[in-house]
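To start, the structure under review is shown below, and the notes come after it.
The values are calculated or read from the model by the stated rules, or taken from the named source; none is laboratory data. Computed from a predicted structure; not experimentally measured. Just the protein is used for accessible areas: all its heavy atoms, side chains included, with ligands, DNA and RNA removed. Shrake-Rupley method; radii C 1.70, N 1.55, O 1.52, S 1.80 Å.
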Amino acid sequence: MQQIPVYVFTGFLDSGKTKFIQETLEDPRFNAGERTLLLVFEEGEEEYDFSTYPHQNIHLEVLDQQTVTTKQLQTLAKNCKAQRVVAELNGMQLVGDLYTRFPENWVVAQEVLFADSTTFMTYNANMRNLVMDKLVGAQMVVFNRLEKGADTMPFHKIARAANRRIDILYDYIDGSTAFDDVEDPLPFDINTPIIEIKDADYALWYRDVTEEPKKYDGKTVRFQAQVAMLRREKNGMFAPGRFVMTCCMDDIQFCGVPCHYADAASLESRSWVMVTAKITAEKHPLYHGELGPVLTALEVLPAEPAEQDVTTF
């Protein structure tokens, strides 16, 4: 079955999604005649003007993001013989929930978040779970309607806390744009003989080591963690880790790393330990065929509970 690339544009109402998609479809470099299924899950004040497109192979469908089904999407793509999909999502709905209903051969090629700088902080304060939902999966976030000279660091910190790899573009009201070029040094030194992870930095380390395991291959790390036992590998392995909150109480999850340890069976689940271990980048069932960090314990000692049960970014 031939794969269909999907270009996803997220953001809250009046954030500039429609305008950007309109301009993109007007560009002959993007619209060279490919049969495109344009899905609109949120109707704003802006409307699409097909008369300006260099090619007219665009099929528009307005849908309800909450109720649309996989079968509906398959049928729409089949009827217009879509070669690609462009989707404008509803900012008040979770992106991941819709992705679970995408047909099997739909592959997200790009996800871009548009954020109105004049309202973004309010959304982040009052609907942080929806903001984080969109930042976590996006390759790029565009902060628009910025005054020239405005302080962009608050936007930078929120975006990078959710997604260290995200590209950040600032779009100013005078028509100029600028990419964010602030480097975010890690709060720990990965080139020391033993990488010491402070309790408050566990979430950052976990995300970094799982995103770039090769960077840590062969290095030694020490961190405070709770014990979790692995269902499939009860003998000689456990998963030290922490409960991590990305945005709100509803999305707290245990983030542990599989660890070889001969005395793993003697450990009590949820007990606190201080782990010193060697890291290797290898495949493990937890990583679904991809490379990920696997630890080999050098020392596992009892430890006092952390001040905070749950850590965050």
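The table below lists the values:
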{"read-out": "Shape metrics for the stretch 102-228, restricted to C-alpha atoms - Rg then Dmax, Å", "value": "17.5, 54"}
{"read-out": "For the stretch 11-109, the spread of Cα positions along each principal axis, largest first, Å", "value": "33, 30, 20"}
{"read-out": "Placed amide H near Leu230: partners under 5 Å, 5+ positions off or other chain", "value": "Ala239"}
{"read-out": "Solvent-accessible ranking of Arg207, Arg164, Arg35, Arg231, largest area first, probe 1.4 Å", "value": "Arg231, Arg35, Arg164, Arg207"}
{"read-out": "Hydrodynamic radius by Kirkwood, which averages 1/r over all alpha carbon pairs of the stretch 184-303, in angstrom", "value": "14.5"}
{"read-out": "Probe 1.4 Å - accessible area at Glu43, Å² to nearest ten", "value": "140"}
{"read-out": "Where Arg270, Arg128 fall by accessible area, highest first, once all protein chains stay in place (1.4 Å)", "value": "Arg270, Arg128"}
{"read-out": "DSSP bridge orientation in the chain - percent antiparallel, rounded to nearest 5", "value": "40"}
{"read-out": "Rounded to the nearest 10 Å², the accessible area of Ile166 at probe 1.4 Å", "value": "0"}
{"read-out": "Cα Rg, Dmax (largest Cα-Cα span) when computed across the chain, Å", "value": "22.7, 71"}
